[in-house]
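So the structure is just underneath, and the comments pick up after that.
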Amino acid sequence: MSSTRDTGIRAPRKPRNPFRVYLVPLFILQFATFLVPLVLFFRTAFFKNEGPGLVDYGHATLEYLGLIFVDPYFQQVVLDTIIFGLLVTVFTLLLGFPIAYCIARAGRFKESLLVIVIVTSFTSVIIKVLGWKILLGASGPINSILQVLGLVDEPLRLVNNLFGAVVGTVHAVLPLIVLLLVPVVERVPVQLEEAAAGLGARRLTTYWRVVLPASRIGLVSGGLVAFAYAMGSFTTPALLGGKTTLILPILIRQEAMTTVNYPMSAALSITLVVIVAIVTVIGLSVGNSRRARVRESK
Amino acid sequence: MAKRRSLAFVTLAASAALLLSACASGGDSSDSGSQDTEGPLRVGAYGSTWTEAVKATAAKAFTEETGVEVEYVEGNPSDVAAQIYATSAQGAEPPVDVLTTDDPTQTQLAQRELLVPVSEYADKVEGLFENVPTEANNEGYAPPVCDWYITLTYNKPKFAELGLPEPTSWDDLFASELAGRVAIPDITTAMGLPFIFAVSDGEGMSAGIDKIATLDTYSVYTSSGDMQSDMANGNIWAAATVDGRGWGMVDSDPEQFGAIIPEVAGADGKIGPRAGSCYYDIVKDTPRLDLAAKFMSHIYADETQAEFAAQTGYIPSSPSAIDLLISKDGKWADRIPEIDTTVPVNWQEVVPNIADLTDEFNRKLG
């Protein structure tokens, strides 16, 4: 990349975006209604719990954050949360990318398919969860079919466990990820696929060896969105995951609303935010290094 | 350029208006010492059938008398109490004026002095302390409006198919034939702690949790509506639930569902547990004390209690309300046990340990 030092010629200034001023109200709103309450809440993690809803701000402590690191129970909850997040991410991308590819390459049907995807997201999460509870239930249609076909003797446990939680959450976040990935696929020139076909590659080979690698950066971004969604997901894992799927959002809610231990709830919240932040930074670094390599190769 | 400036100004003004409206305190603000007589009156209620029954009984009569509407904040008492703790810490107006409480919630709120003592409004509420056999959970605060029990609700045809006799004790929930097909309440629900007590065999709550950890459950539910849906769909065949829900299910389909208040092991043949009572308490610092007391008059009236029981299945505390209920429908004579034959949960012992018990429950069942 040329610079003033190399050529002695100053690079032309980028024109100022005249619409930046419209971001100011957004930042003010975010600061006042999101950042400030968040910081005030996180602050309680460093003070002693005095009873339901009572925090002793004169008694600083790292007890609650420390517990998360040393207590095997909390370590397990953190690990289960990360596993849950990763499972949702992987399966969302596995399902979402092919759907996005089909939509992106659907020609004149693309808009209709996009509308279908958007309309599915209009359904409330609660309705979706209730639907899954019926479908996945011990006496539900899936188990009934499996038993009628003789594939299982006893109903499979498909709900009130990690499986149910992952299925429900993937279903909830899938429309969003598909919408994010469609433009990613559209940026892959069709000519590349045609060239691959011309060289004798089958469709699956073209998909695997041409389209997917070319979409890697977008996949990383989509994956980060899915991961962040899963890590903050409460309703679906609470209703479909049962007692054995105890993840951070559920425990945070319990500490805040049942035992009303604000410092512990805040400490768990900080942990959740830090995990998502670390994964996001790693994901962005991977994406940026990939972007840099692509630019250099050009 | 001028257009852009105008657009920027409009955007900024709209955002400022939005921010100001978000920061404005909710509800009518009243000067300190003066009472809000306009309402609406905000009542914390369980939701679902409970709220519907309140709307149809006490709230309807209250609104007809005063012209003041009632708004509902739905949730378990502990959830609404958490909001009260938060507003109290900020010195803000409480989120509700009247709250449905249960024993642990009333105890915790009373300890924090976040409820109005009865002495401050008893003269405004007719018949508040008449004929209430169960002692007030917390001296000086509202007496019970209904008593409730934990029932074992079961699928009758399924029990017959499995060759299981109709259940009589809590140990029947642990039958191997029911493995993976029972539902129990989570400790965070109002039924959770009483259920642990029910299966503890009199050896303490930790023993109860240990015993529950051996149970192969289909679900540990946080919503009894959820449980009812699972039972109706055939996913579960037996469940521990509150009596109101259990009787409601029996009434909806007596061929399909049965419910009993089982025998509690280690309690000399007594049944239960008598999980406790429900109360209506006025929240401290409400600007609608007079309206709240008027509402209490209606909610504690025998006619309301009887009609509420008929709609929800929750047994009234007042004997005269019970008599009224039985006179309307004789089936209640079999459903309402004599107090002396039941085992009560000792809330004074349980409440101080709720946080530890919740932690223990999560660790052993998670």
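Here are the numbers for this structure:
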read-out: Condition check for A:Gly96: part of a helix (DSSP H, G or I), in contact with a Leu (Cβ under 6 Å, 6 or more places away or on another chain), over 30 Å from B:Leu109 (Cα atoms) and at pLDDT 95 or above; value: yes
read-out: Considering residues of the range B:86-102 that are surrounded by fewer than 23 Cβ atoms within 10 Å (Cβ to Cβ) and more than 16 Å from B:Arg288 (Cα to Cα) only, the residue farthest from the other protein chains (Cβ to nearest Cβ); value: B:Gly91
read-out: Close pairs from the range B:176-190: first more than 9 Å from chain A (Cβ to nearest Cβ) and touching a residue at least 60 places away in the same chain (Cβ under 8 Å), partner surrounded by fewer than 24 Cβ atoms within 10 Å (Cβ to Cβ) and not hydrophobic (A, V, I, L, M, F, W, C), Cβ under 7 Å, at least 6 apart; value: B:Thr189/B:Asn76; B:Thr189/B:Thr222; B:Ala190/B:Asn76
read-out: Matching residues, the range B:71-83, being hydroxyl-bearing (Ser, Thr, Tyr) and either within 14 Å of chain A (Cβ to nearest Cβ) or surrounded by fewer than 18 Cβ atoms within 10 Å (Cβ to Cβ) (or both); value: B:Ser78
read-out: Within the range B:315-366, helices (runs of 4 or more DSSP H) holding 3 or more residues that are in contact (Cβ under 8 Å) with a residue 24 or more places away in the chain; value: B:347-350, B:354-365
read-out: Among (1) within 14 Å of chain A (Cβ to nearest Cβ); (2) touching a Ser or Thr at 6+ places or on another chain (Cβ under 7 Å); (3) surrounded by 23 or more Cβ atoms within 10 Å (Cβ to Cβ), the one test that B:Trp237 misses; value: (2)
read-out: Filtered residue count, the range B:174-190, keeping only those that are surrounded by fewer than 19 Cβ atoms within 10 Å (Cβ to Cβ), hydrophobic (A, V, I, L, M, F, W, C) and not in a helix (DSSP H, G or I); value: 2
read-out: Some residue of the range B:42-64 being away from chain A (no Cβ under 12 Å), farther than 30 Å from B:Ser224 by Cβ, modelled with pLDDT under 90 and in contact with a helix residue (DSSP H, G or I) (Cβ under 9 Å, 6 or more places away or on another chain); value: no
read-out: Search result, residues across the range A:113-135 that are part of a helix (DSSP H, G or I), more than 16 Å from B:Ala232 (Cβ to Cβ) and either in contact (Cβ under 8 Å) with a residue 24 or more places away in the chain or in contact with a His (Cβ under 9 Å, 6 or more places away or on another chain) (or both); value: A:Leu114, A:Val117, A:Ile118, A:Thr120, A:Val125, A:Ile126, A:Lys128, A:Val129, A:Trp132
read-out: Elements of type helices (runs of 4 or more DSSP H) in the range A:198-298, at least 2 residues being within 14 Å of chain B (Cβ to nearest Cβ) and among the small types (Gly, Ala, Ser); value: A:262-297
read-out: Failed condition for B:Leu324, given (1) aliphatic (A, V, I, L, M); (2) in contact with a strand residue (DSSP E or B) (Cβ under 7 Å, 6 or more places away or on another chain); (3) farther than 30 Å from B:Glu203 by Cβ; value: (2)
read-out: Residue within the range B:343-358 that is more than 22 Å from B:Thr188 (Cβ to Cβ), more than 14 Å from every other protein chain (Cβ to nearest Cβ) and surrounded by 13 or more Cβ atoms within 10 Å (Cβ to Cβ) present; value: yes
read-out: B:Val68 being buried (at least 21 other Cβ atoms within 10 Å of the Cβ) and in contact with an Asp or Glu (Cβ under 8 Å, 6 or more places away or on another chain); value: no
read-out: Strands (runs of 3 or more DSSP E) (entirely within the range B:191-288) containing at least 1 residues that are within 21 Å of B:Thr100 (Cβ to Cβ) and not assigned by TED's automatic domain parsing to the domain that holds B:Ala355; value: B:271-282
read-out: Single residue of B:Ala275, B:Ala213, B:Ala267, B:Ala198 found to be within 14 Å of another protein chain (Cβ to nearest Cβ) and touching a residue at least 24 places away in the same chain (Cβ under 8 Å); value: B:Ala213
read-out: Total residues in the range B:336-350, condition more than 18 Å from B:Val242 (Cα to Cα) and among the aromatic types (Phe, Trp, Tyr); value: 0
read-out: Which listed residue is within 14 Å of chain B (Cβ to nearest Cβ), over 30 Å from A:Trp208 (Cβ atoms) and of a type in the set (A, V, I, L, M, F, W, C), from A:Ala32, A:Ala60; value: A:Ala32
read-out: Answer residue from the range A:67-87, given it is within 12 Å of chain B (Cβ to nearest Cβ) and of a type in the set (Phe, Trp, Tyr) and is nearest to the chain's Cα centre (by Cα) among those; value: A:Phe74
read-out: Qualifying residue in the range B:153-167 (condition: in a helix (DSSP H, G or I), in contact (Cβ under 8 Å) with a residue 60 or more places away in the chain and basic (Lys, Arg)); value: yes
read-out: Conditions (1) under 26 Å from the mean Cα position of the chain (by Cα); (2) within 14 Å of chain B (Cβ to nearest Cβ); (3) at pLDDT below 95; number of the one not met by A:Leu136; value: (3)
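For every residue, the table says whether it meets (1) surrounded by 14 or more Cβ atoms within 10 Å (Cβ to Cβ); (2) over 25 Å from A:Val279 (Cβ atoms); (3) free of Cβ contacts under 8 Å to residues at least 60 places away in the same chain.
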residue	(1), (2), (3)
A:Val39	no, no, yes
A:Leu54	yes, yes, yes
A:Leu65	yes, no, no
A:Leu79	no, no, yes
A:Gly96	yes, no, no
A:Ala100	yes, no, no
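The values are calculated or read from the model by the stated rules, or taken from the named source; none is laboratory data. Model, not experiment: these values are computed from the prediction. Note that we place each Cβ from the backbone using ideal geometry, even for glycine, and neighbour counts take in every protein chain shown.
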